[in-house]
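Right, one structure below, let's go through it.
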Amino acid sequence: MDRECVSLLPRVCEVLADSGRSLPDDTSLEKLLDWFTGLNNKAGDSLLESCPCLIKFISAVIDDKDSDPSVLSFTLKVTGLIASTEDGFKTLQERSVLDVAFSIQHWRDAELWEDPCVRIGWIQGLNNSLQHPKALSFFVKSDFIEPLLKLQTDSSLFVASAANHMLAHIMLFFQPASSAGCNSVYKKDKANGSTKTLNIDSEQPAADHTAVVKVISEYLRESLVPKDNTQLHQSLQTLKMLVLLLAQAGHPLRDELLQTVTGSLEEVVTAGCSQLTSLLMNVVLAAYRSSSTDERVPDQRVDRLLSSMLNINKPSDLIRAAAAFLHSGHQDASHTAQAVRILLLPLEIITGHNLLDSNTTAKDHQVTVAEHLKSKTSCISVICTCLSTTANIPLLPSGLLPCPPVLIIPAVLSLLRICSGVSSTLSSGCSETCRNVIGSGKIQKCALEALMSLSSSPGAQEEVGEVFAVLIEYLKNPDSDPTVLHKSYQALVKWISVCKDLSFSIITDQIRQDLSNVVRKRVCDMRWEVRDSTVEFLGHVADIRVLKSAGEVCSASEALLGGCCATSLLREALQDTESYVRASAVSALAKTLTHSWQQGAELTQEETEIVSRLLEILSQDTEGFARRAAVRYFITWFSSSSSSSSSLLMQSVRSILSQGSADLDWEVKVHTLELAEHLMDKSFSGQKGYRKDSVTTDTQPHPYGVVSEQTSTLHSHTHSVESGLVVALKDLVELGVVSALMIGLVDCDRPVGLKACQLLIILRETVCPLSLGAQDATMATIAQVSCELPGSGWGREIRKILAMKTNDLAREEGRSLNGAGRGGTEEECEVEEDKNGKVSMTVGVCEVLRSLGLDDRLEVLNQSSDHIHNSPLSLLQDILTARVAHTSADTQSGQEVIVDCY
């Protein structure tokens, strides 16, 4: 541990132990506990060895009945951490600390036990200590099991949850590694979380665990079945603990648990308490999962419980149980087939489509389910649950399904028609149910999602015409909600991408005409969300390649809408008043034009005008979304172009780099650097020594960094090494790439500086490698390539860096640069002033690249600011500083003291 931390910790402990001076920021205690936990978990380290002052601190706090509850809770947790090692446990016992710290009566006498914070500390402190057999023996001998079981139903949910986890920890951590009689238990390695066997010389720990397991198991059995509504909370907590246990228990423990609680679980199922259904199903599935991994044939008790859950009389509980089973991913011949039939039954009832066999057991529930659907709230809930599970059905083996998935598609389409109120094919006797779903946005969205998942079903192409017709009707409907329209567009894109052959007659001219008309209408909708969804749709369909006619491949946009129609609509959307729509329009245009760029087609007048508009957006748009999209548009264009890039694109590059580098939005600046990276790739492609991955592959990406969606596929003419490098570097200077990189290097946003630094290092290693001497003719020529630094702004910052570097080198050589104490100021750099009064400085590119200290800068940029501020030393200093400020005579009453903890 750091020496400074060692010296500060005793003073911090004194501050914390002083009950009359509570900390203004309790979160500092949690951060301090995190640090102690990290120290304790280090292999071979003992918390007491690192922090010997903690014994005195703990004794002081537990002996003071006026201790602050938050500090006391923290102290109990730290006590448990120390006791988690056998040496620490022994030391605490010798000092008589454990008995006092974990004495419930002691804290009751001090009138502190009623504070949930103290109860939490007691539970978590004990839980921290239970990492070895001696701690378990202490727990058993102290009779802590009874109060812990009571805390499992504590009025505080946090206390109850902590008690639940501790009870599960005791049973799982010390569970026998094999059958009874073996002197070993499972032990989890704190370093990596793996489980290993801990051999025990004495039979006492095994006996302790057996006794605890017996008490907890009996408690589970007795508390599972609620006697009345007042005991529902207890049953819920018990079920939660069973889920924890059964999900992780090994074979002997799981078998013992099931043997004890199966009867009670069957009682709960029979009782049909709806509040318990979800958790009860979680318990059954946890048992089902664990038994399936240990045995070839699932445990018969679990199988019987699962069958009971799939035969509950209450329709809502029945549907939820079936949905939970399918979502779990488990499959077996009987239960999977039964769950699917249950979930299809409401869809069959409401649409009249025959989806189930006439002799299926699911038909037994038809009357109760149909009655349940007559209530509007219940109907919407059940139908949504069924539809949301439909995505699992096409993935199941056909032998487990009552009908081919493709037959579910017409039923979903019928439901969508009923929801929109236009269906004339209502099944007899279900008109009351149908009225419940008319206009329901929730059901419409669920049905559209189900339709998307069913698009991959075998034979789905035969339904394409009907699907398109229903979706277009939804897009036409003036009452459609924006989110429903968005889902309709998504469904259309999904079905287009799955059914890529649009040459067959199902896609009629009428469908194409209707789709074109509705898109033209919706792109001018009053609601910006609808306009945005429409523009996004145009981009997505432009990105899909389809078969329009025999042997003719084109974009889906051209096949369904006509390419000119889409481009003109998107061009108009560039003027939209909403920035989200403008940004979506820019992105959609890039997708629409990508194919023509790849083919090297000549730019049309419309495309030229689009470029002018995008440059306006980049320089004038007040919202960052559109500006980001504009830079990405040019990245896509540049990376999609053939070897001879468009002259208009190359003419625009300098302006894009200049404006993008000066943008206020950091994402725009990062995208601008990505464009600079593409230009470097193109310029140096084929050049010896150019290694694009020399820096970036070894560096972890910044969590807020932006990754381009495009993959660079640039090709360029390969020059000779001598002339190619010089020409390439001059081109990069002329285009403004070098300036953009240096602007990014001194940017205040770390992701921008990091990206720029990486690219500058790549540039340095390419054009001025240290392996080539000064005598090399090529290097002599490259050394003459220069760039201009402006007199203010980023140029001044770069000159400061250069001056400081020069001063450092001079000091290393024992020389003084223009007098002592003046190094690193811009006055020491020679600057020029042109006839217009513009101040600038011309420097050699290689000289700058070598003098910027890029490697040191990269090391700093790769570290977040947390490496300075988010540290144990900073935390300890903050606690002491806050205490001084909090108790200072100058601090006004009621004045907030801010603690700058990590």
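When residue 397 is tested against the conditions (1) under 34 Å from the mean Cα position of the chain (by Cα); (2) surrounded by 13 or more Cβ atoms within 10 Å (Cβ to Cβ), the lone failure is (2).
Is it fair to say residue 485 is modelled with pLDDT under 95, closer than 30 Å to residue 404 by Cα and among the hydrophobic types (A, V, I, L, M, F, W, C)? I'd like the intermediate steps shown before the answer.
Working: modelled with pLDDT under 95: no; closer than 30 Å to residue 404 by Cα: yes; among the hydrophobic types (A, V, I, L, M, F, W, C): yes.
Against the criterion (modelled with pLDDT under 95, closer than 30 Å to residue 404 by Cα and among the hydrophobic types (A, V, I, L, M, F, W, C)), residue 485 does not qualify.
Here region 585-606 is the region considered, the condition is being over 24 Å from residue 663 (Cβ atoms) and of a type in the set (D, E, K, R), and the residue that is nearest to the chain's Cα centre (by Cα) is 606.
Scanning region 325-344 for residues that are free of Cβ contacts under 8 Å to residues at least 40 places away in the same chain and touching a Lys or Arg at 6+ places or on another chain (Cβ under 8 Å) gives no hits. Does residue 502 satisfy the criteria of being open to solvent by less than 50 Å² (accessible area, probe 1.4 Å) and touching a strand residue (DSSP E or B) at 6+ places or on another chain (Cβ under 8 Å)? Here the answer is yes, as residue 502 does meet what is asked.
Let's see how each residue does on (1) touching a helix residue (DSSP H, G or I) at 6+ places or on another chain (Cβ under 7 Å); (2) in a loop (DSSP other than H, G, I, E, B); (3) at pLDDT below 95; (4) open to solvent by less than 30 Å² (accessible area, probe 1.4 Å):
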| position | (1), (2), (3), (4) |
| --- | --- |
| 67 | yes, yes, yes, yes |
| 72 | yes, no, yes, yes |
| 88 | yes, no, yes, yes |
| 106 | yes, no, yes, no |
| 111 | no, yes, yes, no |
| 119 | yes, no, no, yes |
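Taking (1) surrounded by fewer than 18 Cβ atoms within 10 Å (Cβ to Cβ); (2) of a type in the set (Gly, Ala, Ser); (3) under 22 Å from residue 509 (Cα atoms) in turn, residue 612 satisfies each apart from (3).
Are there helices (runs of 4 or more DSSP H) fully within region 686-789 with at least 2 residues that are surrounded by 22 or more Cβ atoms within 10 Å (Cβ to Cβ) and at pLDDT 55 or above? List them.
721-735, 737-745, 750-767
Taking the criterion of being within 21 Å of residue 434 (Cα to Cα) and either touching a Ser or Thr at 6+ places or on another chain (Cβ under 8 Å) or touching a residue at least 40 places away in the same chain (Cβ under 8 Å) (or both), would at least one residue in region 394-404 satisfy it? Write out each step before concluding.
Quick first cut of region 394-404, residues within 21 Å of residue 434 (Cα to Cα) only: none.
No: region 394-404 contains no residue that is within 21 Å of residue 434 (Cα to Cα) and either touching a Ser or Thr at 6+ places or on another chain (Cβ under 8 Å) or touching a residue at least 40 places away in the same chain (Cβ under 8 Å) (or both).
In the set (1) crowded, with 17+ Cβ neighbours inside 10 Å; (2) in a strand (DSSP E or B), residue 531 fails one condition alone, (2). Residue-level check: of (1) in a loop (DSSP other than H, G, I, E, B); (2) at pLDDT 90 or above; (3) surrounded by 17 or more Cβ atoms within 10 Å (Cβ to Cβ), residue 374 misses just (3).
Contact map, region 60-77: first residue within 15 Å of residue 114 (Cα to Cα), second residue among the hydroxyl-bearing types (Ser, Thr, Tyr) and outside any helix (DSSP H, G or I), Cβ cut-off under 6 Å, separation 6 or more or different chains; pairs are 66/19; 67/19; 68/19; 68/22. Of the set (1) loosely packed, with under 15 Cβ neighbours inside 10 Å; (2) among the hydrophobic types (A, V, I, L, M, F, W, C); (3) at pLDDT 65 or above, all apply to residue 810 but (3). Within region 568-598, being open to solvent by 10 Å² or more (accessible area, probe 1.4 Å), within 24 Å of residue 513 (Cα to Cα) and either aromatic (Phe, Trp, Tyr) or free of Cβ contacts under 8 Å to residues at least 40 places away in the same chain (or both) holds for one residue alone: 568.
Just to be sure, is residue 245 surrounded by fewer than 17 Cβ atoms within 10 Å (Cβ to Cβ) and either under 35 Å from the mean Cα position of the chain (by Cα) or at pLDDT 90 or above (or both)? Against the criterion (surrounded by fewer than 17 Cβ atoms within 10 Å (Cβ to Cβ) and either under 35 Å from the mean Cα position of the chain (by Cα) or at pLDDT 90 or above (or both)), residue 245 does not qualify. For region 419-460, the tally of residues that are over 18 Å from residue 482 (Cβ atoms), surrounded by fewer than 18 Cβ atoms within 10 Å (Cβ to Cβ), at pLDDT 85 or above and not β-branched (Val, Ile, Thr) stands at 4. Across region 505-514, the qualifying residues are those that are open to solvent by 10 Å² or more (accessible area, probe 1.4 Å) and either part of a helix (DSSP H, G or I) or of a type in the set (Val, Ile, Thr) (or both), and the one among them that is modelled with the lowest pLDDT is 506.
In the condition set (1) of a type in the set (Gly, Ala, Ser); (2) in contact with a His (Cβ under 8 Å, 6 or more places away or on another chain); (3) at positive phi, residue 307 is compliant with all but (3).
Screening residue 546 against (1) outside any helix (DSSP H, G or I); (2) under 25 Å from residue 576 (Cα atoms); (3) open to solvent by less than 40 Å² (accessible area, probe 1.4 Å) leaves a single unmet condition, (2).
Yes/no matrix, rows are residues, columns are (1) closer than 19 Å to residue 171 by Cα; (2) assigned to a helix (DSSP H, G or I); (3) not hydroxyl-bearing (Ser, Thr, Tyr):
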{"position": "227", "(1), (2), (3)": "no, no, yes"}
{"position": "234", "(1), (2), (3)": "no, yes, yes"}
{"position": "237", "(1), (2), (3)": "yes, yes, yes"}
{"position": "243", "(1), (2), (3)": "yes, yes, yes"}
{"position": "258", "(1), (2), (3)": "yes, yes, yes"}
{"position": "261", "(1), (2), (3)": "yes, yes, yes"}
{"position": "264", "(1), (2), (3)": "no, yes, no"}
{"position": "269", "(1), (2), (3)": "no, yes, yes"}
{"position": "276", "(1), (2), (3)": "no, yes, yes"}
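Of everything listed in (1) farther than 20 Å from residue 534 by Cβ; (2) over 28 Å from the mean Cα position of the chain (by Cα), the single unmet condition for residue 628 is (2). I'd like the full set of residues that are open to solvent by 10 Å² or more (accessible area, probe 1.4 Å), over 16 Å from residue 539 (Cβ atoms) and either of a type in the set (Lys, Arg) or assigned to a loop (DSSP other than H, G, I, E, B) (or both), limited to region 481-499. Answer for region 481-499, where residues must be open to solvent by 10 Å² or more (accessible area, probe 1.4 Å), over 16 Å from residue 539 (Cβ atoms) and either of a type in the set (Lys, Arg) or assigned to a loop (DSSP other than H, G, I, E, B) (or both): 481, 487. Of the residues making up region 213-236, those that are under 37 Å from the mean Cα position of the chain (by Cα), open to solvent by less than 10 Å² (accessible area, probe 1.4 Å) and among the polar types (S, T, N, Q) number 1.
Can residue 517 be described as over 27 Å from residue 349 (Cα atoms), open to solvent by 10 Å² or more (accessible area, probe 1.4 Å) and of a type outside the set (Ser, Thr, Tyr)? Here the answer is yes, as residue 517 does meet what is asked.
The values are calculated or read from the model by the stated rules, or taken from the named source; none is laboratory data. Treat the numbers as computed from the prediction; the structure is a model and nothing was measured. Positions of Cβ are backbone-derived with ideal geometry, glycine not excepted, and every protein chain shown enters the neighbour counts. The area values use the complete protein model at the heavy-atom level, side chains included, leaving out ligands, DNA and RNA. Shrake-Rupley method; radii C 1.70, N 1.55, O 1.52, S 1.80 Å.
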